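So the structure is just underneath, and the comments pick up after that.
Each value in this text was obtained by applying a stated rule to the coordinates, not by laboratory testing. Quick caveat, the model's predicted, so the values are computed rather than measured. Reconstructed Cβ throughout: ideal geometry from the backbone, glycine too, with neighbour counts over all protein chains shown.
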Amino acid sequence: MMTPLPSYVVFGEALTDMVCQGGQHWLGLPGGSCWNVARVGARQGIPTAFAGAISQDTLGDALTEASLEAGLDLRYLQRVDRSPLLAFVTAQHPPQYFFVGDDSADLYFEPARLPPGWREAARTVHFGSLSLAREPLAGRLCAEAGQAAAAGKRIAFDPNFREPMRDPAYARVFAHMAGLAHYIKVSDEDLRALYPSLDEGAAVAALRAMAPKAAVLLTRGAHGMTLLQGDDIVEQRALPVEVSDTVGCGDAAMGGWMTALLRNPAATPAEQVHWAAATAAAAAMRSGAYAPTTEEVADLLREARPLGYAR
């Protein structure tokens with residue numbers, strides 16, 4: 001019997017993080033913001049697929065193996081004979097990146113090759129990060145987001161601002177995705193880059209005006225996070241954990257937030273942000289972009305028991 005198609009589909013980039021180990025020594029690790037988000041869903045027991053294209057070399061092999069280990073549905077992962085997309089991580093505290101990927105594999109993702117019926121099976125479809133700043137991929141993903149929204153699917157969007165998004169063309173992509181989104185995760189750093197002339201409050205107001213039907217999760221690292229859903233505003237303190245690094249914590253928060261909703265669509269805003277914060281904290285306890293399991297997050301919550309509060 002064929003396995004049912006996933007309820008959570010994450011579109012975007014998977015890449016290799018080349019992490020500086022000092023001097024000219026680099027460590028290659030599977031990564032990519034959207035791929036990290038997908039791994040969280042799968043590791044927390046939600047039937048999840050990462051929909052993107054990767055290379056056919058050893059770096060692509062490592063991404064495929066890591067996807068399989070996480071429990072992602074490999075029917076959505078495409079392998080193409082192009083060079084890999086690379087992110088050179090020159091610093092980790094805070095993370096600093098630059099990307100290398102002219103004509104690389106990610107740009108050759110073909111939505112038409114996805115399994116028949118995938119859209120009907122999906123409940124939540126995620127888009128974001130670098131993939132929406134790289135043409136022709138960005139145009140294909142914007143079209144897919146529009147079709148998924150028209151089919152009644154819940155659209156999740158995490159801009160995850162990176163340098164390529166300073167291109168003026170990205171403003172149209174951002175407006176398109178925000179207008180479709182039901183869920184937007186944005187960091188305080190994202191807001192400063194997206195709305196450089198506005199303070200945080202004004203930037204949040206501008207984003208909410210652009211995304212009238214979206215719940216917005218604003219993350220502030222060690223200063224916690226805020227979930228704005230309709231008239232509800234729920235503040236969540238950061239959990240007190242020993243931080244190894246913060247690489248991938250935003251991705252973990254996004255994946256944890258969607259996991260909470262996919263597991264329980266009736267989850268209250270406080271319950272949603274509670275789980276998102278604990279997922280991010282569990283990721284921070286490990287080096288690199290770690291995807292915490294349900295058990296790890298639940299254990300952390302039992303120990304810390306942080307409570308969100310409304311205002």
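Think of it as helices only: each DSSP H run of n ≥ 4 in the chain is worth -39500 (n - 2.57), and spread over all residues that comes to -11000 deg cm²/dmol at 222 nm. What's the local net charge at residue 294, with K and R +1, D and E -1, over the other residues with C-beta under 14 Å away? Surrounding charge for residue 294 is +1.
Ranked by how many other Cβ atoms sit within 10 Å of their own Cβ, fewest first, the residues 33, 83, 287 fall in the order 287, 83, 33.
Rounded to the nearest 20 debye, the dipole size of segment 8-310 about its Cα centre is 720 debye, using +1 on the Cβ of Lys and Arg and -1 on the Cβ of Asp and Glu. Can you grab the distance from the C-alpha centre of segment 1-73 to the C-alpha centre of segment 147-193, Å, no decimals? Answer, in whole Å: 21.
Put in line by how crowded their Cβ is, counting other Cβ atoms within 10 Å and starting with the fewest, 258, 2, 285, 18 read 2, 285, 18, 258. Think of the chain as a dipole: +1 on every Lys or Arg Cβ, -1 on every Asp or Glu Cβ, centred on the Cα centre; then among 74, 285, 4, 4 lies furthest on the positive end.
Sort 190, 251, 106 by Cβ crowding within 10 Å, fewest neighbours at the top.
Numbers: 190 22, 251 30, 106 25.
Listed from fewest to most nearby Cβ atoms, that is 190, 106, 251.
Over the chain, Cα pairs under 8 Å with separation of 6+ residues give a relative contact order of 16 percent.
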